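Read-outs: derived from the displayed coordinates by stated rules, not from any lab. From a predicted model like this one, the values you see are computed outputs, not experimental measurements. Virtual Cβ from ideal backbone geometry, glycine too; neighbours counted across all protein chains shown.
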Amino acid sequence: MSDDPIEIEFDNQEVNNALLQLAKKCENLRPLMKNIAGIFANSTEENFKEQGRPNKWVDLAESTKKQRLKKRKWPGQILQVEGMLASSVNTYYDNDSTVIGSNLPYAAIHQLGGKAGKNKSANIPARPYLNLTEDDYKEILQETQKYLKDQ
């Protein structure tokens with residue numbers, strides 16, 4: 001895997017339009033961006049808890065379950081052998097943006113899927129843990145509209 005950052009953009013025109021209106025009216029967006037960062041963080045925690053939302057993640061391969069069983073790490077949750085990935089997710093916000101992500105080298109392969117392991121022989125299915133649901137988008141929109149009203 002490359003050390004280059006991976007960007008995932010959420011394409012929701014209603015949220016984008018509301019944010020553009022807000023940008024025209026406001027100079028200090030930091031409080032709103034902080035609230036959106038909280039929505040991102042809560043959503044990600046729920047994704048790990050429910051093992052995928054709205055669609056469940058692809059189950060682990062039987063060989064992975066056997067390996068985990070030998071190490072007394074199974075039964076357990078997908079993507080949470082030690083909990084390092086979930087605990088590595090953090091948010092950043094400033095006046096203009098909100099970002100969520102992980103700096104772990106294997107974070108991207110779990111989000112996007114792909115080939116991994118010795119000789120890239122293992123096919124890792126995408127298990128998007130940085131995924132917003134329609135309810136999350138609605139909550140972001142509500143926060144944005146509330147912030148617009150208060151300006």
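How big is the gap, in Å, between the Cα center of segment 125-151 and the Cα center of segment 53-107? The distance from the Cα centre of segment 125-151 to that of segment 53-107 comes to 21 Å. Summing Cβ point charges (Lys, Arg +1; Asp, Glu -1) relative to the Cα centre of the chain gives a dipole of roughly 1040 debye.
Each stretch of four or more DSSP H residues adds -39500 (n - 2.57); spread over every residue of the chain, this sum gives -14500 deg cm²/dmol at 222 nm. If the segment from Lys149 to Leu69 were pulled out straight at 0.36 nm per residue, it would be longer than the present Cα-Cα gap by 23.4 nm. Think of the chain as having a plus end and a minus end, set by charges on the Cβ of Lys, Arg, Asp and Glu; of Gln13, Tyr137, Gly101, Gly101 sits farthest toward the positive end of this dipole. The trypsin sites (Lys or Arg not before Pro) of segment 51-126 that meet both conditions, a loop assignment by DSSP and at most 11 other Cβ atoms within 10 Å of the site Cβ, are Lys56, Lys71, Arg72.
Backbone geometry of segment 90-95 corresponds, through the Karplus equation with coefficients 6.51, -1.76 and 1.60 at θ = phi - 60°, to 3J(HN,Hα) couplings of 9, 10, 9, 9, 9, 5 Hz, x marking Gly and Pro. Largest GNM mean-square fluctuation across Leu141, Leu79, Leu20, computed for the chain with C-alpha springs under 10 Å, falls on Leu20.
Rounded to the nearest Hz, the phi-derived 3J(HN,Hα) couplings of segment 62-74 under the Karplus curve 6.51 cos²θ - 1.76 cosθ + 1.60 (θ = phi - 60°) are 4, 5, 5, 4, 5, 4, 5, 4, 4, 8, 6, 10, 9, where x marks glycine and proline.
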